[in-house]
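What follows is calculated from the coordinates using simple rules that are stated; it is not laboratory data. All values derive from a computational prediction rather than experimental measurement. Neighbour counts run over all protein chains shown; Cβ positions are idealised from the backbone, glycine included.
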Amino acid sequence: MTMKTRYLSLLAAALVIGQAAVAAELPQATKDILRTLKLTEKSLDGLDAELAVPASLIEAAKKEGRLKVRANLSPANFKKLQAPFLERYPFIKDIQYTRGIGMNRAVNPLLAFKRGNYVTDVITSFTRVVDDYREAKALTDIADLPTWKNVPEDAKDKHGTWISTQNSHWCMAYNTKRVKKEELPKTWMELIENPRWHNGKIGMGNRPQLWLVTLWAHYGDKWGTEYIDKLFSIARPQLRKEAINGLMKLAVMGEYDIALPAADYRVKIQVEKGAPLGFHCPDVVPATDSQIGVFRGSPNSNAGRLFVNWMLSKEGQLALTNADKSAPAHSGLQNDDFLSYPREVLGKTRALRTVDVTNTIQPRMLKVWNKVWATTGGPSEKKAGPAKR
């Protein structure tokens, strides 16, 4: 090897090392998140490979330079979420965020798309209308993104147009001053079989699509129909008109011992504020997810694809967990460090509310539920139906 050849080889090696060092450097916002979550940088092992998108995508996103996102996070929480992304990709100068509530979050952008307009580039949480999105060919293919492989097959579209970003586990919240942990039901049938939970000890909201539909799917139609009948006629819970947070607040006040349903991340938020609440899941654990997709042909679709890839990376998943306590969808983050109540979830059977469950089983379940709810005196202000995650 000549002196010149050796010099060039050393120079090339130095450049590779330098590039690796640059790639490994974390945004300050990410370092802050790790500190808040009490994690080390080892939690982000493999991040460089996850973020290794083609140079052509980076260049196209640079030309767009902006992004519109529509989701159900509060503006304050989305600001927390976006901080590492904007620091890592400073050429995205502006993210215009819109919080959408309920079905309008997903329906209005789809109607606009059908008229040839775009109100957002990125859309989340559209389970109930996913078939409408597919029929309209509204979403672009994202299956070629590096982080596509990070999520289990049952949590992403077989056609490659959407993928889940987070999980929520929907079980029950309980007042820790009124309920001993050893009393809690090990199975869902114990709510019916154990008199401890009868005659108003459970405050139940009209949201079976968040928990019961996955149990119905898991055990079958016969079990589901009989469970609804026995839950109302034997356990006789209080039938409440309040939404999810209201149900938990009434449990804190001692109106009842158990609030049903309740999500792990929502309970965690209240506990961190000092509420005397716990979260408990019998076996099986009902779970829902939240999808994300990019509108086909939107003005900033490349920036949207870049954002989605980042969201499914370990960095994006931890940013989301930090923002609203939700559980990551990333297969590599399903452990004690990243779940609000790992002991209530890990090691138990998980029943996911998939798109098929929502579109095929949920209508059958709601037909039975709504009839029993109405005939047993349930508040009539709202029928059970589509809901936020």
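Here the peptides 52-59, 74-81, 136-143 are ranked by packing, the mean other Cβ count within 10 Å, and the order with the highest first is 136-143, 74-81, 52-59. This ranking places SER313, SER380, SER301 by how few other beta-carbon atoms lie within 10 Å of each, fewest first, which gives SER380, SER301, SER313.
Axis angle, to the nearest 10 degrees, between helix 28-37 and the longest C-alpha principal axis of the chain: 30 degrees.
Put in line by how crowded their Cβ is, counting other Cβ atoms within 10 Å and starting with the fewest, LEU366, LEU212 read LEU366, LEU212. Karplus-based coupling profile of segment 154-163, in residue order and whole Hz: 6, 10, 8, 6, 5, 8, x, 10, 8, 8, with θ = phi - 60° in 6.51 cos²θ - 1.76 cosθ + 1.60 and x standing for Gly or Pro. Based on Cα contacts under 8 Å between residues 6+ apart, segment 292-389 shows a relative contact order of 12 percent. Among rounded, prolate and oblate, which fits segment 30-102 when a ≥ b ≥ c are the square roots of the eigenvalues of its C-alpha gyration tensor, a/c under 1.5 means rounded, and a/b larger than b/c means prolate? Oblate shape, in that a/c is at least 1.5 and b/c is the bigger or equal ratio. Let me have the 222 nm mean residue ellipticity of the chain computed from DSSP H runs of 4+ only, each contributing -39500 (n - 2.57), with the sum over all residues rounded to the nearest 500. So the helix-based figure for the chain works out to -12000 deg cm²/dmol. Axis angle, to the nearest 10 degrees, between helix 3-24 and the longest C-alpha principal axis of the chain: 20 degrees. In sequence order, segment 141-147 has phi-based couplings of 6, 10, 5, 8, 6, x, 8 Hz under the Karplus curve 6.51 cos²θ - 1.76 cosθ + 1.60, θ = phi - 60°, and Gly or Pro positions carry x.
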